[in-house]
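Data first, discussion second: the structure below is written as structure tokens.
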Amino acid sequence: MALLSVKDLHVSYGAIKAVQGISFDIEQGEIVTLIGANGAGKSTTLNTIAGIVKPDSGSIEFKGESLVGVKAHKIVEKGLALCPEGRRVFSQMTVAENLQMGGYTRTDSENAETLQVVYERFPRLKERMNQTAGTLSGGEQQMLAMGRALMSKPELLMLDEPSMGLAPILVQEIFDIIEELNKQGTTILLVEQNASMALSIANRGYVLEVGHISKTGTGQDLLHDDDVRKAYLGG
Amino acid sequence: MTFLTQLLNGLQLGSIYALVALGYTMVYGIILLLNFAHGDIIMVGAYISWIVMAKLGMSPALAVVLSVAGCTLLGVLIDKVAYAPLRNAPRLSILITAIGVSYFLENGAQLVFGADAKVVPAFISTSTIKVGGVSLSLNAIITIIVTAVCTVVLQLLVQKTKLGKAMRAVSEDMGAARLMGINVNTTISFTFALGSALAGIGAVLYSMAYSQATPTMGIMLGTKAFVAAVLGGIGSIPGAVIGGLLVGFAEVFVSALGLSVWKDAVVFLLLIIVLVVKPTGILGRTMNEKV
């Protein structure tokens, strides 16, 4: 059974149909990426799975349980976390407080444990734990946003544009971390505009085009696919 | 009148404004709503005290408990019935709703209790204590101490507790707070409950000072507390207290000079000056537009 299974999902904002019948599966332990141009419906798909946006129709099943109509804060409890586009850290709260918010649905003793793991993974966050998040650099904020999402101990971590606005060296670092997290057992659903980076670490990928899936395959297949190269990889 | 007495009066009045301003500032901080019904919650609290003590002849202690509890419930109820359905509506709609709730409470009170003032019995029997030969108003001292304690407790709650941090998270980014697993509606209800409980305490302290309840008493009290919140920087808890005390002192000072007809005008003049010089208020932060 797939960890996450999305079938014939339709989502609209008023009259605008953002997602028009997409279906995909994620197996336990995979890195799956959704790539596509601006407005293809990638972020909408993630926001719908996370319960922030309501779908018009279709099904979303996580561990065999339907997520449609489940409130966003309940979805986090089930083991599914979204690290949102633009990071959206709580800039006036300290790093430690941001992480504490990430573990909001977990017990204090669980959080104490997870916090150690997160600080080991992101030593910079430990150094800056008492600083307000707004004073961090872009890369550090991305690490905080990821660490914060990890605090809920997700089985499936959804990352929306984690490399956005970061220097190339930091992009590499972030992708290394994503691979590491995956090796340690977290299933990853990755949405990226940086398609070549995303495909290079992904087991499988889906290409989204104006609300529907136009192509699917393994990360390597898509990386070498002529259409994909022309459209998204600049060559 | 000695200087000390005036100082105490200023602190007493300022403390009441501060308590009410805290409710304004907390609700604004979390859902950017100027809750114009906030002053009227205090009016309801004063009527509860009057009913409990004057009509039912029960103890002042019970009046305090029931006033605070009644205001807390009313605040949460107003949010659930009037504001929660408009959570995603434009801010103007919810603002107009708040004005509607305010009129509803004022006219409802007039319908039920009549337009004349009801006399709220004294909560405490001794009115003054002697400290070093000077007699001081016990009401004033109680008011100041209660306000100080409430402010400290509130600040600790918001800064240190999990729920308080959730309030700050929701106030900064409601969507991101949801993704953390925070139940945004519960958190907003809690904020209304806290702000309204403070209004309940304010109602008791106000009744102690002025001993009467009228259907429209919340208007000027609410407006001045709103001025206090804006003066201090709306959204800021320490700011609300500073603003409240400033407004209280300004009024008492002007009255002491024999210009008491001007005391309301001075408060609003103060507001105009602060808005011209520092529009975000004394402790207000510059708001970053969310992209």
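Read-outs throughout are calculated quantities, based only on the coordinates presented, and are distinct from any laboratory measurement. Bear in mind the structure is a predicted one, so any value in this text is a computation, not a measurement. Don't worry about glycine lacking a Cβ; one is built from the backbone with ideal geometry, like all the others, and counts go over all protein chains shown.
See the values below:
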| item | result |
| --- | --- |
| Neighbourhood charge, 12 Å Cβ-Cβ cut-off, centred on A:Ala133 and excluding it, Lys, Arg +1 and Asp, Glu -1 | +1 |
| Rounded to 5, percent antiparallel among DSSP beta bridges of the protein assembly as shown | 60 percent |
| Per-peptide average of other Cβ atoms within 10 Å, ordering A:20-28, B:184-192, B:54-62 highest first | B:184-192, A:20-28, B:54-62 |
| Cα-Cα separations in the protein assembly as shown greater than 44 Å, expressed as whole percent | 30 percent |
| Choice from B:Val81, B:Val274, B:Val27 showing the highest fluctuation, given a GNM over chain B with Cα pairs closer than 10 Å | B:Val81 |
| Helical contribution to [θ] at 222 nm, DSSP H n ≥ 4, -39,500 (n - 2.57), averaged over chain A, rounded to 500 | -10500 deg cm²/dmol |
| Whichever lysines have a C-alpha closer than 22 Å to that of B:Lys55, once near sequence neighbours (fewer than 8 apart) are set aside | B:Lys118 |
| Averaged over A:92-100, number of beta-carbon atoms from partner chains that fall within 10 Å | 3 |
| Percentage relative contact order, chain B, counting C-alpha pairs under 8 Å, at least six apart | 35 percent |
| Sequence-distant aspartates and glutamates (8 or more away, or on other chains) whose Cα lies within less than 13 Å of B:Lys162 | A:Glu97, A:Asp108 |
| Sorted by Cβ density within 10 Å, fewest first, the residues A:Leu170, B:Leu92 | B:Leu92, A:Leu170 |
| Order of A:His10, A:His73, A:His224 under a 10 Å beta carbon neighbour criterion, fewest first | A:His224, A:His10, A:His73 |
| Ranking of B:Trp50, B:Trp262 by count of other Cβ atoms within 10 Å, fewest first | B:Trp262, B:Trp50 |
| Region B:168-279 - percent relative contact order, Cα under 8 Å, separation 6 or more | 13 percent |
| Residue-averaged beta-carbon neighbours from other chains (10 angstrom radius) around B:180-188 | 6 |
| Eligible lysines near A:Lys54 by straight Cα distance, threshold 26 Å, same-chain separation 8 or greater | A:Lys7, A:Lys17, A:Lys42, A:Lys63, A:Lys71, A:Lys74, A:Lys78, A:Lys153, A:Lys215, B:Lys80, B:Lys290 |
